[in-house]
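For reference, the structure discussed in these notes is given below.
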Amino acid sequence: MNPLRVAIVGSGPSGFYAAEALLRAGEDTSVDMYEKLPVPFGLVRYGVAPDHPKLKQVTSVFSRIADMPGFRFFGNIHIGRDIAVDRLGRHYHAVIFACGAERERDLGIPGESLSGSHSARGFVAWYNGHPDYRDLRVDLDCDTAAVIGQGNVALDVARILLKDPGDLQATDIADHAYEALRASRIRTVHLIGRRSPAQARFTPRELGEFAGFEDCHVTADPAELRLGPVCEAETGDPRNAAARANLQILRSFGRNGNLASRRCRFRFMRNPVRLGGTDRVESITLERNVLTGGPFRQKCVGTGAFETVSCGLVVRCIGYRTQRLADLPVDRKTGVLKNRSGRLIDANKPLPGLYATGWAKRGPSGTIGTNRGDSVATVEALLSDVHSLVAPVADADDLVDSLRSAGHRIIGFEDWKRIDAVEAANGASLGKPRQKLTRITDMLEAARAVPL
């Protein structure tokens, strides 16, 4: 097959790592990456907290991948809207979906739609300047917030809410979020999880940041940190070092004094059952849980004991689901594209030429680096299928030309570099790494897009 032409949908870490694996495979390969926004990098740009700048340095790796021969970037093209999935497939031997998990999971409880109730996706995208969420109404005129979930995203949300805004001034946080946080009245955050600390999904490094949190009294109820025999068996498993480290950190909380102006309380074995309020969130009702079952198979069971906590903001950090795209099969239980080893399947049969990687393949888990191995595995599956792939019926350039002829403005990687330069220059004048453009019209203006 000469050359192999592959389209990648999505420009986050998994998409770039898949492109790298394809272009280094020794085949005569061309890769076209499609991104619905004018700017690349997905989760790194819009998911990493602004006070964790080192995690964003990986974009320099992605930029080097973009400079590899055979790579092209087509930004500001929404697959499924501007180009139908089946039409895209006719121009390539294969399509890899690296489009992440763009839909949030819901709690499914009364009051969830009240003002002041937000998904983690919306809230994180808001403070990171995503154009789809920059106008989200986030009211921080309350003294208490509840963050539902006990993974790293929940830690990010709690940390951003409680951090001294002055510590965020020199980051790339969106201006509108910084100004809202400067005026915030929130002084207490409850970090709530359904299970015990043995099942918390924090990474010790992220959780450890709370141990040295300045001007914030961080606590966890000692009674909730005492594990039953089944949870003890789980934390004693040699493969579960992270849980043991988390417990040690949680048990160290409360030693930084009670004179701090802010409070963060870790709550375990609590299940949200209702958000109260008339026009906006005023409280959250929690049911106490117990765990039943054997190690690593425990389930939460409500006890019928309830408590109500007054709060004016609720952010649910309980996971994401893949956005349904055309007729691609989505697993209703896991929320990912149905696949086997990265090959999309329907009715248990492979869909020729269609693949998935990243969160669209495995769900929202792991770190940025996890995507490299995941994408390499998908590319290996694709390359093993190479002799059975159907040849494109038309050239990829024809597809792109048709969009341009229809007046569609396409952003190439060189155009992105212009946007990047504008953001960096604007940020430098303010002592920040960048000042993000948060409106697509401003991105397109900065790009001064020209045909590739």
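The values are calculated or read from the model by the stated rules, or taken from the named source; none is laboratory data. All of these numbers come straight from a predicted model, not from anything done at the bench. Here the Cβ positions follow ideal geometry from the backbone for every residue, glycine too, while neighbour counts run over all protein chains shown. To get the accessible areas, we keep the full protein, side chains included, count just its heavy atoms, and leave off ligands, DNA and RNA. Shrake-Rupley method; radii C 1.70, N 1.55, O 1.52, S 1.80 Å.
Taking the range 355-381 as the range and being of a type in the set (Ser, Thr, Tyr) and part of a helix (DSSP H, G or I) as the test, the residues that pass are 370, 375, 378.
For residue 57, the conditions (1) in contact (Cβ under 8 Å) with a residue 12 or more places away in the chain; (2) surrounded by fewer than 21 Cβ atoms within 10 Å (Cβ to Cβ); (3) of a type outside the set (D, E, K, R) all hold with the exception of (1). Candidates in the range 359-370 are the residues that are closer than 21 Å to residue 345 by Cβ and in contact (Cβ under 8 Å) with a residue 40 or more places away in the chain; of these, the one that is surrounded by the fewest Cβ atoms within 10 Å (Cβ to Cβ) is 363.
Determine, yes or no, whether residue 386 is over 25 Å from residue 42 (Cβ atoms), among the β-branched types (Val, Ile, Thr) and open to solvent by 70 Å² or more (accessible area, probe 1.4 Å). No, not satisfied. Scanning the range 193-216 turns up at least one residue that is open to solvent by 20 Å² or more (accessible area, probe 1.4 Å) and over 27 Å from the mean Cα position of the chain (by Cα). Would you confirm whether any residue within the range 251-263 is small (Gly, Ala, Ser), closer than 21 Å to residue 148 by Cβ and crowded, with 16+ Cβ neighbours inside 10 Å? No, because not a single residue in the range 251-263 is small (Gly, Ala, Ser), closer than 21 Å to residue 148 by Cβ and crowded, with 16+ Cβ neighbours inside 10 Å.
Kindly establish whether residue 337 is out of contact with any helix residue (DSSP H, G or I) (no Cβ under 8 Å at 6 or more places or on another chain) and open to solvent by less than 60 Å² (accessible area, probe 1.4 Å). No: the conditions fail for residue 337. Within the range 274-291, being hydrophobic (A, V, I, L, M, F, W, C), assigned to a strand (DSSP E or B) and either open to solvent by less than 20 Å² (accessible area, probe 1.4 Å) or free of Cβ contacts under 8 Å to residues at least 40 places away in the same chain (or both) holds for 275, 284, 286, 290.
For first residues located in the range 292-303 and free of Cβ contacts under 8 Å to residues at least 24 places away in the same chain, partners that are open to solvent by less than 60 Å² (accessible area, probe 1.4 Å) and not hydrophobic (A, V, I, L, M, F, W, C) and lie 6+ apart or on another chain with Cβ distances below 9 Å form the pairs 292/298; 299/293; 301/289; 303/287; 303/289. Of the residues making up the range 213-222, none is under 24 Å from residue 46 (Cα atoms) and aliphatic (A, V, I, L, M). Among the criteria (1) in contact (Cβ under 8 Å) with a residue 60 or more places away in the chain; (2) part of a loop (DSSP other than H, G, I, E, B); (3) touching a strand residue (DSSP E or B) at 6+ places or on another chain (Cβ under 6 Å), the one residue 258 does not fulfil is (1). At least 3 residues being under 30 Å from residue 303 (Cβ atoms) is the threshold, and among the helices (runs of 4 or more DSSP H) wholly inside the range 105-202 those reaching it are 152-162.
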